[in-house]
1. With both bridge residues required to lie in the stretch 155-297, what share of the DSSP beta bridges run antiparallel, to the nearest 5%?
2. With a 1.4 Å probe and every protein chain kept in, tell me what percent of the accessible surface of the stretch 148-241 is carbon plus sulfur.
3. Distance between the C-alpha centers of the stretch 14-64 and the stretch 105-177? Whole Å please.
4. With an 8 Å Cα cut-off and a minimum separation of 6 or more residues, compute the relative contact order for the chain in percent.
5. Excluding residue 259 itself, what net charge comes from residues whose Cβ is under 13 Å from its Cβ, given Lys and Arg +1 and Asp and Glu -1?
6. Using the beta-carbon distance between residue 90 and residue 189 and R0 = 51 Å, what value does 1/(1 + (r/R0)^6) give for FRET efficiency, to the nearest 0.05?
7. Mean residue ellipticity at 222 nm from the helices of the chain, using -39,500 (n - 2.57) per DSSP H segment of n ≥ 4 over the full residue count, to the nearest 500 deg cm²/dmol?
8. Pop out the ³J(HN,Hα) list for the stretch 221-233 in order, Karplus 6.51 cos²θ - 1.76 cosθ + 1.60 with θ = phi - 60°, rounded to Hz; leave Gly and Pro as x.
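The values are calculated or read from the model by the stated rules, or taken from the named source; none is laboratory data. Please read all numbers here as calculations on a predicted model, not as lab measurements. Virtual Cβ from ideal backbone geometry, glycine too; neighbours counted across all protein chains shown. Side chains included, ligands, DNA and RNA excluded: accessible areas come from the protein's heavy atoms. Shrake-Rupley method; radii C 1.70, N 1.55, O 1.52, S 1.80 Å.
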Amino acid sequence: MQFQQLQYFVAVAETRHFTRAADLVHVAQPSLSQQIKALERELGADLFLRARGNITLTDAGEALLPLARRILADADTARQEVQELAQLRSGRVRLGATPSLCTGLLPDVLRAFHDRYPGIRLLIEEGGSHDLVRELARGALDLALVVLPLPTPSPALTTVELLREDLVVVSSPDAPAPGGGGAGRRTVRVADLEGERLVMFRHGYDLRELTVAACRAEGFEPDFAVEGGEMDAVLGFVRAGLGVAVVPRMVATRSGRGLRVTSLARPGLHRTIALAHRSDVAPPRAARELQRMLLER
């Protein structure tokens, strides 16, 4: 019994017509008929009752049909599984993330992913959530780590909350503690940042918008000592004593050498990180595996 013969048998059983079945499986009708007859000879039973203009299944055909469909379905599943495993030996994942997440969250996860799937190329694009949402929508990224709420809600994207992270204030150990008080001060309020010189991120940076909004909610406009930097530049300017900055705790922990880290007093400031992908297109297998590792980290 050949796999191809079962395909032809199912096609005839579903169309009840030899010519239409031949068109369905892209084979000449005489060849299909010959293969069906060969299958019947091997099984020792007729599978169809052939009358002019009327093709019906025999009892043997009725018994074979669900088994043949199951065999074909299992073969298709096996083909897909093998192809997906092959995808994890080569290929690429295009991941977008904010610069702070590239510094704090991603290094350990990407190292684990690379150790498990060394043949997969990781293409990382840094940007603000607004830019990453646009790149996702046009198909330039498979996945993106974005800050919620999205700058422009998009029904075309699916988001899964990944973590909720505290923000902290970083300053130079050689400068006075932020908000006044002694160097051993454990917390500072957002209101205490009034009068402090802030090292501020560039426009379009999620942390910039969050910090400015928090200061305005306390009734003052933040005073910028330096603005326009990315994460590494902001931390470097703070180490140099140019001012203080509000950054994610994960970044402060990982990059804290040469920095004083002060927590924000309750209720503090937080941000919610989500993993996003297009709703209308399933991510490739390798991207789904990276998604799983991020969610289970």
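1. Taking every DSSP beta bridge within the stretch 155-297, about 70 percent pair in antiparallel fashion.
2. 50
3. 56
4. Answer for the chain is 21 percent.
5. Taking every Cβ under 13 Å from that of residue 259, the sum is +3.
6. Efficiency for this residue pair is about 0.45.
7. The per-residue figure over the chain is -13500 deg cm²/dmol.
8. After applying 6.51 cos²θ - 1.76 cosθ + 1.60, I find 8, x, 9, 8, 7, 9, 9, x, x, 8, 4, 4, 5 Hz.
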